[in-house]
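> The structure that follows is given in the form of structure tokens.
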Amino acid sequence: MNPHAATPADTGALDSLLWVVLPYLALVAFVAGHAWRYRYDKFGWTTRSSQLYENRLLRIGSPLFHFGILFVVLGHIGGLVIPKSWTETVGVSEHTYHLAAVTLGTVAGVATLAGLAILIYRRRTVGAVFHATTRNDKLMYAVLALTLALGLAATVDSNIVGGGYDYRTTISPWFRSVFSFDPDPALMSGAPPLFRLHALSALLLFGIWPFTRLVHMLTAPVGYLTRPYIVYRSRDPQLSARAPRRGWERT
Amino acid sequence: MKAKKGPEPRRVGLDSDLTDALVGSRRFFTRAEVSGDRRAVYRIGGRQADTFYRDRWSHDKVVRSTHGVNCTGSCSWKVYVKDGIITWESQQTDYPSVGPDSPEYEPRGCPRGAAFSWYTYSPTRVRYPYVRGVLLEMYREARARLGDPVLAWADVVGDPERSRRYKAARGKGGLVRATWDEAAEMIAAAHVHTIKAYGPDRLAGFSPIPAMSMVSHAAGARFYSLLGGVMLSFYDWYADLPVASPQVFGDQTDVPESGDWWDAGYLIMWGSNLPVTRTPDAHWMAEARYRGQKVIAVAPDYADNVKFADEWLPAQPGTDGALAMAMGHVILKEFFVDRQVGYFTDYVKRYTDLPFLVTLDRRGQGPDAVFVPGKFLTAADLGGSSARAENAAFKTVLLDAATDAPVVPGGSLGHRYGEAGAGIWNLDLGGVDPLLTVAGERATSAEVRLTRFDTTDGSAAELSRGVPVRQIAGHTVTTVFDLLLAQYGVAREGLPGVWPGGYDDPEQPYTPAWQAAITGVAGEQAARIAREFAANAEESKGRSMIIMGAGTNHWFHSDTIYRAFLTLTTLTGCQGVNGGGWAHYVGQEKVRPITGYSALATAADWNRPARQMIQTAYWYLHTDQFRYDPFSADTLAAAGAGGTFAGRTTADVIAASARMGWMPSYPTFDRNPLHLVKDAEAAGRPVEAYVVDELKAGRMRFAGEDPDAPQNFPRVLTIWRANLLGSSAKGNEYFLKHLLGADSAVRAAEAPPGARPRDLVWHEDAPTGKLDLLLTLDFRMTSTTIYSDIVLPAATWYEKHDLNTTDMHPFVNSFNPAIAPPWHTRTDWDAFNTIATAFSRLAAEHLGTVTDLVAAPLLHDTPDAMATPHGRVTDWKTGQCEPVPGRTMPKLITVERDYAAVADKMTALGPLLDTLGATTKGVTFDVTRELDYLRHKNGTVHGGAADGRPSIARDVQACEAILALSGTTNGHLATQGFQTLEARTGMPLADLAAEHQGRRVTFADTQQGPVPVITSPEWSGSESGGRRYSPFTINVERLKPWHTLTGRQHFFLDHDWMAELGEGLPVYRPPLNMHALFGEPEVGDQGELGITVRYLTPHNKWSIHSEYQDNLFMLSLSRGGPTIWMSKEDAAKIGVHDNDWIEAVNRNGVVVARAVVSHRMPEGTVYMHHAQDRLIDVPRTETNGRRGGIHNSLTRLLVKPSHLIGGYAQLSYAFNYLGPTGNQRDEVTVIRRRNQEVTY
């Protein structure tokens, strides 16, 4: 049982909906959506790159965004997945952690958001790229930008403007509680509104994720970095490339 | 494959140390083997990943087919089918070999053909029968109320209000699905009602170019021919028909196959853009250059073919005739006068009319009297026994060098018919050596007046030049050669008149310097090309060739342009020689198995003759374009001409041609032709006499003299394999207005009183919506289907059996269905049989068996061609002669029609073939043996009107019939035809086909691969021994006469009307001056409405014939949507940048398009590529707020009187042989930049 758990009476129906039902819906959509997409839309599993249409802005915006978001992801892993007790055990004080998180997080967040701004600007102003933009893309961009903006705003608001907020006592445990199938919505009820809105928009983003071009995240061609230049594939033991049809197996 | 195991020293690293480190690390993370140098990894299996790819390119079967309707490629294609779906096509490679000394026909096929399978499942595919909703509702209501389809149709179209409602809805959507049964019933009802109320000649069918899918064409043509309906011509209508071909050769478009380009030593591409319009054959032109051939391009723009040429002559649009005349001047001067070339002289003496004598007529009285060229001297003029011989007026005369006396050689028209001519209709001169000129001791000279048209406004002026003359039998005569020298301005010693001072004389026609001012081509260059052309012909014995295309052929005066070309090829002995002569490739229509096809298409096995109409004149009258012609036909006449055309409009000239029997005219009379026979019976007169009396008394008139009277309207028009309103309808907006009653953009004013036709009835208010039913069969939605009342879904070329031939390829291709016609589509053969069945059912009750009176024109290749001695015109209407059917007016022929039996007759070969045989170009084939073969091959019909006859119920059976009944595909018939010709010519011919006498091409043969054809008297060239086809080689080598007056190729035409137009001899005529004729601004004028430019409509690189502008692949490859190409100079003048929206406006209509601004284009000329349909990205215009038009919205019909001549030697009518061209290139338009915000 979570030590911070509130009594059931504190947990309103809305909180249950937002912090129990919605996360699982998003999770199911994320996992099942990817499975479905892989099964039925293999040839649509693509970034639909627009590099052919424009690359001057893309060359700046794309790395800025992608490297930025990599650090954002790492930061989220550090903040959400690793319990506070672990870092304290190894001697990282709250202040140290906080300083590192805010500094690195803000830089990464700003880089990501700047990259995204360039990419969206490019997408809107370059005719060929805009022509290749679907309604689905537009929705995705809106949700992605919203999530990023809220995240950065929450960080800036609570840490720089405000006096700092230790999300590792509320949001992080809630996040882990979802994955341990013991969700505790009460943990979220006390979080500042910007954090909660950030979490909600993130849930929405993960919910639509498999149905957008964001699927490319799962298939980032990391293996290419270490792949020998030539790949020989000898034939399968069977005769043809296709599985033999019933009644035509080799005897 | 396996790399050696174990450590191996690495010699060379990868791209960088970082890469080395990264890639080198893989071996630690994989169980697969990594090579010692780290570059390769060896995996076992995992190839399922490319299953999708193998699946994508796998197929279940491959079917051979090709492309109609009129693609000249004749490419055989492999059509791939997977899971019952046509997936793609690729080129076949198994063409008959050309032989060891030449490149092969393969490879063939272009991107347009490869894109065709897109249509099968395209969004524009017509999948179901459609009927205009408002019409269908009214018909259903009337049908329910009256209980009879025919009465229902009559009820709807007879009510002006309801009729106007559905006609006004044309082009505005509202087509709804119907069933085949209901649609066929409506169509049948419309046909039955029209026949009953107005007569069968108020029905018309239009489908072009049968050669490239002859069964589909024959399907509807046969149906209309059985009904007595009118089949409209296409070759002249498309302006592809070169009128010069009948004028010069007495033959239509017999041209070399593309393989013969290889044989040429000198090749001029004149207005023909081979890589674009003859893509699969262009390789011959490219290859022949490696054999040393010199290639010249004449084109106003930097066309795609120009880059292949050794030299480019950028003649201004429409001035090609001037260049050719100057080249003729040089050749005559250097190769005939300054020096005689034995090969040329021998050739022109034997194979042309140059040595023949022409009388000179005295014009005027007293000392002011001048001479003008008159008529060919004939045996009739000589007096004595030769004048009394049969057909003496058609036996032309020349002088023998040996005796210096006139001789009547064999081979002329007078020898072609009659007893006396048997065995001597040939070009064998025996010991006679014809004199080319009459100059000599006994000659004097005379000054002759000739006409020139090189004035700034194109009007006529006179030239005075001397010729040597002799007196023979009381006539002042000279030779055609002497006249030709005078015409071309090639001076000889001692002759009077005004002559050029030399090549550099810019004033006197037709010198190189003279043409430079007109064409823009330097005089020296023109002279040099002429010299090279002739020198090559001299050395190679005639292997100089001119490939001539639409760029020179689509002009109003293209016949003069072509005659100037043909003068070059004929003077230099290139005609009838492999590798030489004319090669006209514009809308080719060579149905190689012509005899069988004709029999089927005209239903000549059941009744003769079929009604075949010259389409240009048909639409000129029935779309009321004649009402907008404010000028007299006299405008075109020669200087000092006799005034034949004075006060007469073009419509008057058409009416004269019709009543004199020269050209066909349907609808013929202002009465139902089914009533005439009954009326004659009632009057107690023979029908011929009755009709003549009624006409003479003026009680009955030709329908063409009152085209706006409701009883003379065309009532039903069926279009298949064609897109009339998106492609060929010159004067498109006039069609929409008057024929259809739809919205239109016509802005022209009607002719004012005083400029109106003299012999026609003028209705104050021009009718609109003449047509009751527009029926279209197509596989895609077009500008025509959206205006149609009923649209039937047709099979594509990958969904039916058919045959395909062209004149550029000596083989027969087959169409085969890769899939059965999908959705509710049907093959044309099935569709028309469906309609015929519905028709016969209704006809049994409403029509029964009746006698029709067909008025048929005087025909070429028959004795009709001797109706007009000396080409002296006498018009019975003006009292110059009596109306005599078959001589001074059309033949009147009764035909019995059992309308209830039409369906039975459609699907069986009728008995007239047994008794009359089948005739092509004057050669009649006895086909009883072939009919017997077909009885066994196809089976016979049991019961009905065709009991016991060979069946052609299915398209394959129709294919077999065509192949069996034609000489080109049946060696027995070819040999038999040649034997028939041997009897007339006295020359050995049958050996040409003897090598194939036992050979018969079956449909199964054509399914195996393209099959070479057999040499046959149906055509003038020989393929014997595997040689390349070149026209007239039989005439040249076997001395078989041409089908002309002299039996030779003609430079001179002595018909009255030719003289009237000043075109007795080759002459230069500039493009029509639209400013003078219609008050359009002059080219180059710039005002607030924009700039005035010449408006040409050449072929599109991204859509020709087998594939259309709407094809998504081709739209993607090209700019897509409607475009007009213009020069950067013109664009700069009106502030247009590339891809801007522009609007082109003239009196005929409005076009909106994007500008393609290109340095390829010459200043003052724009191109709007042909057949850019209304359906693709055409916005509303600023001019009238309605949707913009197609390329033909800015054009209109203009008819040249000389094209209407008939009843005289080679100037006699035959279907697609001769007729007025629907030319469109002389047009101008005003172009401006428009608001860039377009709305749809």
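The values are calculated or read from the model by the stated rules, or taken from the named source; none is laboratory data. Note that this is a predicted model, so its numbers are computed, not measured. Counting neighbours? That spans all protein chains shown, and the Cβs are built from the backbone with ideal geometry, glycine included.
Let's see how each residue does on (1) at pLDDT 95 or above; (2) part of a loop (DSSP other than H, G, I, E, B); (3) assigned by TED's automatic domain parsing to the domain that holds B:Phe631:
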| position | (1), (2), (3) |
| --- | --- |
| B:Lys737 | yes, no, yes |
| B:Trp762 | yes, yes, yes |
| B:Leu775 | yes, no, yes |
| B:Ile786 | yes, no, yes |
| B:Asp807 | no, yes, no |
| B:Val812 | yes, no, no |
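> Let me ask you something else. Tell me, yes or no, whether the range A:207-223 has at least one residue that is within 14 Å of chain B (Cβ to nearest Cβ), touching a strand residue (DSSP E or B) at 6+ places or on another chain (Cβ under 6 Å) and without any contact (Cβ under 8 Å) to a residue 60 or more places away in the chain.
no
> Anything in the range B:919-948 that is of a type in the set (D, E, K, R) and crowded, with 20+ Cβ neighbours inside 10 Å? List them, or say none.
Within the range B:919-948, B:Lys921, B:Glu930 meet the criteria.
> Considering the range B:20-61 alone, what residues qualify as being more than 24 Å from A:Phe43 (Cα to Cα), in contact with an Asp or Glu (Cβ under 6 Å, 6 or more places away or on another chain) and at the interface with another protein chain (Cβ under 7 Å from one of its Cβ atoms)?
Correct list: B:Tyr42 only.
> Test B:Arg125 against the criterion of being among the charged types (D, E, K, R) and either surrounded by fewer than 23 Cβ atoms within 10 Å (Cβ to Cβ) or over 13 Å from B:Pro280 (Cα atoms) (or both), and give yes or no.
Here the answer is yes, as B:Arg125 does meet what is asked.
> While we're here: Please enumerate the residues belonging to the range B:1015-1039 that are part of a loop (DSSP other than H, G, I, E, B) and either farther than 21 Å from B:Ala583 by Cα or among the small types (Gly, Ala, Ser) (or both).
Listed by number, the residues that qualify are B:Ser1016, B:Ser1020, B:Gly1021, B:Ser1022, B:Ser1030, B:Leu1039.
> Let me confirm something: among B:His622, B:His675, which residue is surrounded by fewer than 24 Cβ atoms within 10 Å (Cβ to Cβ) and at pLDDT 95 or above?
B:His675
> Right, something else. Between B:Tyr690, B:Tyr734, which is surrounded by 24 or more Cβ atoms within 10 Å (Cβ to Cβ) and either without any contact (Cβ under 8 Å) to a residue 60 or more places away in the chain or of a type in the set (Ser, Thr, Tyr) (or both)?
Testing whether each residue is surrounded by 24 or more Cβ atoms within 10 Å (Cβ to Cβ) and either without any contact (Cβ under 8 Å) to a residue 60 or more places away in the chain or of a type in the set (Ser, Thr, Tyr) (or both) leaves just B:Tyr734.
> Continuing with this model, one more query. For B:Asp875, state whether it is over 30 Å from B:Glu799 (Cβ atoms), modelled with pLDDT of 95 or more, assigned by TED's automatic domain parsing to the domain that holds B:His217 and acidic (Asp, Glu).
Considered against the rule, which asks whether it is over 30 Å from B:Glu799 (Cβ atoms), modelled with pLDDT of 95 or more, assigned by TED's automatic domain parsing to the domain that holds B:His217 and acidic (Asp, Glu), B:Asp875 comes out as yes.
> Find the residue count for the range B:965-999, including only residues that are touching a residue at least 40 places away in the same chain (Cβ under 8 Å) and outside any helix (DSSP H, G or I).
Summing the residues that are touching a residue at least 40 places away in the same chain (Cβ under 8 Å) and outside any helix (DSSP H, G or I) in the range B:965-999 gives 7.
> Just checking, how many residues over the range B:550-590 are modelled with pLDDT of 95 or more and in a loop (DSSP other than H, G, I, E, B)?
Residues meeting the conditions: 13.
> If a residue has to be among the aliphatic types (A, V, I, L, M) and either within 14 Å of chain B (Cβ to nearest Cβ) or closer than 17 Å to A:Thr47 by Cα (or both) to count, how many in the range A:196-206 make the cut?
Residues meeting the conditions: 1.
> Additional query: Give just the number: which of (1) touching a Phe, Trp or Tyr at 6+ places or on another chain (Cβ under 8 Å); (2) surrounded by fewer than 24 Cβ atoms within 10 Å (Cβ to Cβ); (3) over 18 Å from B:Arg563 (Cα atoms) does B:Pro1071 not satisfy?
(3)
> Here is a list: B:Asn1100, B:Asn1073. Which entry is polar (S, T, N, Q) and over 24 Å from the mean Cα position of the chain (by Cα)?
That would be B:Asn1073, the only listed residue that is polar (S, T, N, Q) and over 24 Å from the mean Cα position of the chain (by Cα).
> Could you identify the single residue in B:Ser58, B:Ser74, B:Ser102 that is over 30 Å from A:Leu225 (Cβ atoms) and in contact with a Gly (Cβ under 9 Å, 6 or more places away or on another chain)?
B:Ser102
> Right, next: Determine whether B:Glu681 is more than 34 Å from the chain's Cα centre (by Cα), closer than 25 Å to B:Ala204 by Cβ and free of Cβ contacts under 8 Å to residues at least 24 places away in the same chain.
Criteria not met by B:Glu681.
> Checking the conditions here, which among B:Val79, B:Val34, B:Val41 is of a type outside the set (Gly, Ala, Ser) and within 60 Å of the chain's Cα centre (by Cα)?
Of the residues listed, the single one that is of a type outside the set (Gly, Ala, Ser) and within 60 Å of the chain's Cα centre (by Cα) is B:Val79.
> Could you list all residues from the range B:344-374 that are more than 24 Å from B:Ala420 (Cα to Cα), outside any helix (DSSP H, G or I) and of a type in the set (D, E, K, R)?
B:Asp361, B:Arg362, B:Arg363
> Among the residues of the range B:400-416, is there at least one that is surrounded by fewer than 16 Cβ atoms within 10 Å (Cβ to Cβ), assigned to a strand (DSSP E or B) and modelled with pLDDT under 95?
Within the range B:400-416, not a single residue is surrounded by fewer than 16 Cβ atoms within 10 Å (Cβ to Cβ), assigned to a strand (DSSP E or B) and modelled with pLDDT under 95.
> Quick check on the range B:242-252. Is at least one of its residues assigned to a loop (DSSP other than H, G, I, E, B), more than 26 Å from B:Trp829 (Cβ to Cβ), in contact with a strand residue (DSSP E or B) (Cβ under 7 Å, 6 or more places away or on another chain) and modelled with pLDDT under 95?
no
> For B:Pro96, are the conditions met, namely being closer than 30 Å to B:Trp284 by Cα and in contact (Cβ under 8 Å) with a residue 12 or more places away in the chain?
yes
Here's the yes/no breakdown for (1) loosely packed, with under 15 Cβ neighbours inside 10 Å; (2) modelled with pLDDT of 95 or more:
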{"site": "B:Gly418", "(1), (2)": "no, no"}
{"site": "B:Gly440", "(1), (2)": "yes, no"}
{"site": "B:Thr444", "(1), (2)": "yes, no"}
{"site": "B:Val469", "(1), (2)": "no, yes"}
